[in-house]
Structures are given as C-alpha cells and as structure tokens.
Amino acid sequence: MNIIIIIIGLVVVVTILGGLMYRINFSKHRPHNIKNRQRGQYEQSVNDVVNAVFDDDFREELKNRGKLHFETILNDNAMFLKQDLELTTTQIHDYLKDQINKNLTDEFKNYRETIEFAKNQAVETIKKTQKVLEDQQKVLIDEIAKQFASEKKILIDNFQNNMAEVVNNYLLKAVGGHINLNDQLEAIITDLEANKKDISEDINEGS
Amino acid sequence: MKDPEVKLKLTTSINSLVVVGKLITELELIEEFFLKMKLKSSLSQVSLPTISPVMQELTNLNNLNLIRPEDRANLNLFLHFIKTKAPTIHVSFASIPDSVFMQKITDWFRSEINPNIMLSIGLQPNIGAGFKIRTTNKIFDFSLHKYLIESRQILVQLLGQVKT
C-alpha cells in the first residue's frame, strides 16, 4: 500500500516537473520572444519551487517513510520467511522422517529377509546334517550290531570250544593235588583188572 | 620171553631197574670182598661190605647165603637177567606214590601180569587223578584228564543248558 502511495507521489512530482519544462521550452518558440532576463527568473523560480517541494524535511520524511516501509516489508518478509522456513523445516523433517522410516523399513525388511534366508539355510543345513548323522548312525549301529554279533559268535564258539578244556584244567588244578593216591588205589586196581588181558598180552607177547 | 635157568623171587621193594642196578653193584662189592679175602693175607687190608636192607630182604626171601659162591653166582645171574630181560612198564601218577602204594601196585603187576616185571614211575601232575601206563607197544590212559576230555561233549551240553 505504501509503495503505491510513494509511486503516486513520484508520478505527481514528475508530472509537475514535466509541466514546468514544457512551459519553459514552449515560451522560447513563442512569437513574442521572452527576454533572457525573464527566462533566468523563471528558471530560478523553478529551482526555488523544486527546492521548496523537495526540502530536507520532505526528504527526511520520505527517508523515514521508506525506512519504515522497508522495515515493515522486512518484518513481513521475515515473518513469511520464518513461516516458510518453519514449514519447510517441518516438511523436511517429515520428509526425512518418512525417508528414514522408509529406509529403515526397507533395511529391516532386507534384514528380516536375509535373516530368514540365513535361518532357512541354517535349518536346511542342520536338517541335512541331521539326516547324514542319522544315516551314519544307522550304518554305525548296523555295523556295530554286525561286529557285536560276530564277536559274540566268536566268543561263544571259543567258549564252547575251550570251556571244556578250561573246566578240565580248572578241575585238575583244583582237585588234582588233593586226591590221595591211596584213596585211588581201589579204582586203579579196578581199571587194571579191566584191562589186564590187553596189558598182559602186550607185556608178555608183544616184545 | 624165555625164563631164566635160575628162578628167584623178587621182593616188592625191588620194583625198578635202578634198584636192580644198585643190587648188582652191591653184589659186585660183595664178590670183590671175597676175592680180596682170598688174595690178602691180612684182614686189615679189606673192608667188610655193608648189606643193604633190600639185599637182605631178597636173600632172605630166596634162602640165599651170600657167603656161598653158588648163591652169589645165581643171584648175579638172576639180577643181570632181570636188568636185561625183565619187562618194564612205565606208570605215571599225578603225585609221587608212597612205598605202601607202590608195594600194592607192584604186587598186583607181578601176580597178574609177570612175576619179574619192573616199574618205571613217572610224575604227570596234569592228569589230575588216576594213572597212565605205557607198555612196549601201547598206552593205557586211566587218568581223570582223559575222562574229562571224553566227557567234554556232555559238559558242553550241560553248560549250554545252563546258558539258555
């Protein structure tokens, strides 16, 4: 609004000055020539009028008005700028917030996918390893069972083959030294009587 | 085997060729003594041989007088016959038999098999009990060890029943 008033004021001053200049020039071409002396007086008068219109107070007033208007404009613009800045800041903040949320969401999604993939891979690997271990365990159990059966058979066979000898040796060592020959005499004589014929034939006729 | 011309009886204590060998040596000393008695003028130069209980028992059993040269000759001939011609049987026991046991065994062999038989006693602790006889051509095993081996199948069956 103030700018408009100032512009109108300037237009008025320029119009006045233009009118004065036109009058001066028009009077030179008039048929009845004005004398140089009068023309000098006119010019002086114009200067005086101009100096009277644009005096120091007027200039100061214009200066103050301009200053005030400029400050007002500056304040308004500062306020607008502040509002715009705050709005922009808010928008930037929201934008950054959205971007960060979006990035974080994307990253978390990627992380979740990666973790899920790794988890699936690990589970798959564990399943495969478990299956291999179970297979190996089964093979091992079968092999151990076979070896155990084989060892058992060998032990049983050895036991059956040797246990009689072991029992024999045990009996002989356990009771052999404790059987008195005199107690065996009757049995010995009985055995000799039973084989007397063979012994006699071999002794008396064999040589 | 042909019987000797001189028939004497053996005592049960003379049951091995070792004893026979000792008796032969003892008889040779006695013969040597009488030979020296003929050759030596002084008794101090000869020593009286000792007569073992086995020799004494043998001479008493056969009514021999060793002072008489014929008896000494007969005994010498008989002992050499025994040493060279008497049948010998090897008998093994699980432990060393005592004299009473040996006397009974010797009596049985001489009464039932041959009156001049000699015994060679062996020791085999592994037979446990019983005895083993080895004659000229045969081996008779009457040991507990053999009985146990023969009964091994029965033992295996019995242990198998216990196992099941």
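The values are calculated or read from the model by the stated rules, or taken from the named source; none is laboratory data. The structure displayed is predicted, hence computed values, not measured ones. Please note: Cβ atoms are built from the backbone with ideal geometry, for glycine as well, and neighbour counts cover all protein chains shown. With ligands, DNA and RNA removed, areas are computed over all heavy atoms of the protein, side chains included. Shrake-Rupley method; radii C 1.70, N 1.55, O 1.52, S 1.80 Å.
Miscellaneous remarks
- Helices in chain A, meaning DSSP H runs of at least 4 residues, each add -39500 (n - 2.57). Divided by all residues, the mean residue ellipticity at 222 nm is -33500 deg cm²/dmol.
- The translational diffusion coefficient of the protein assembly as shown, from Stokes-Einstein at 4 °C and 1.567 mPa s with a Kirkwood hydrodynamic radius over alpha carbon pairs, comes to 36 µm²/s.
- For the stretch A:158-201: rounded, prolate or oblate by the Cα gyration tensor [a/c cutoff 1.5]: oblate
- Given A:128/A:152; A:197/B:132; A:196/B:132, the pairs whose alpha carbons are separated by over 25 Å: A:128/A:152
- For the peptide A:153-159, the mean number of other protein chain Cβ atoms found within 10 angstrom of a residue's Cβ is 1.
- Furthest towards positive pole of dipole, B:159, A:51, A:68, structure part the protein assembly as shown, Cβ charges: A:51
- Hydrodynamic analysis of chain B uses the Kirkwood radius over alpha carbon pairs. Inserted into Stokes-Einstein at 37 °C and 0.692 mPa s, it gives a translational diffusion coefficient of 175 µm²/s.
- Chain B, helix-only ellipticity at 222 nm - DSSP H runs n ≥ 4, -39,500 (n - 2.57), divided by all residues, nearest 500: -16000 deg cm²/dmol
- Anchor residue A:67: aspartates and glutamates whose Cα lies under 20 Å away (excluding residues fewer than 8 positions away in-chain): A:55, A:56, A:57, A:76
- 30 Å Cα-Cα threshold exceeded, pairs from A:173/B:85; A:173/B:9; A:153/B:146: A:173/B:85; A:173/B:9
- The stretch B:22-124 - percent relative contact order, Cα under 8 Å, separation 6 or more: 25 percent
- Three-way shape call for the stretch A:63-207 based on the alpha-carbon gyration tensor, with the a/c threshold at 1.5: prolate
- GNM on chain A, alpha-carbon springs under 10 angstrom: the most fluctuating residue among A:14, A:123, A:132 is A:14.
- Straight-line cross-link partners of residue A:63 among the lysines, defined as a Cα under 30 Å from its Cα and at least 8 positions apart when in the same chain: A:82.
- Accessible-area composition of chain A, carbon plus sulfur, in percent [1.4 Å probe]: 60 percent
- Accessible area per residue (1.4 Å probe, heavy atoms of protein chains only) ranks B:81, B:101 as B:81, B:101, with the largest value leading.
- Sorted largest first by accessible area at a 1.4 angstrom probe radius, with every protein chain in place, the residues B:110, A:59 fall in the order A:59, B:110.
- Shielding of peptide A:181-192 by partners, expressed as the average count of other chain Cβ atoms within 10 Å per residue Cβ, is 6.
- Probe 1.4 Å, protein heavy atoms only - accessible area per residue of the stretch A:117-193 in square angstrom: 78 Å²
- Amide H contacts under 5 Å for residue B:120, placed H, 5+ residues apart: B:89, B:90, B:91
- With a 10 Å cut-off around each Cβ of B:19-32, the average count of Cβ atoms from other chains is 0.
- Where B meets A: accessible area buried, both sides, 1.4 Å probe, Å²: 3200 Å²
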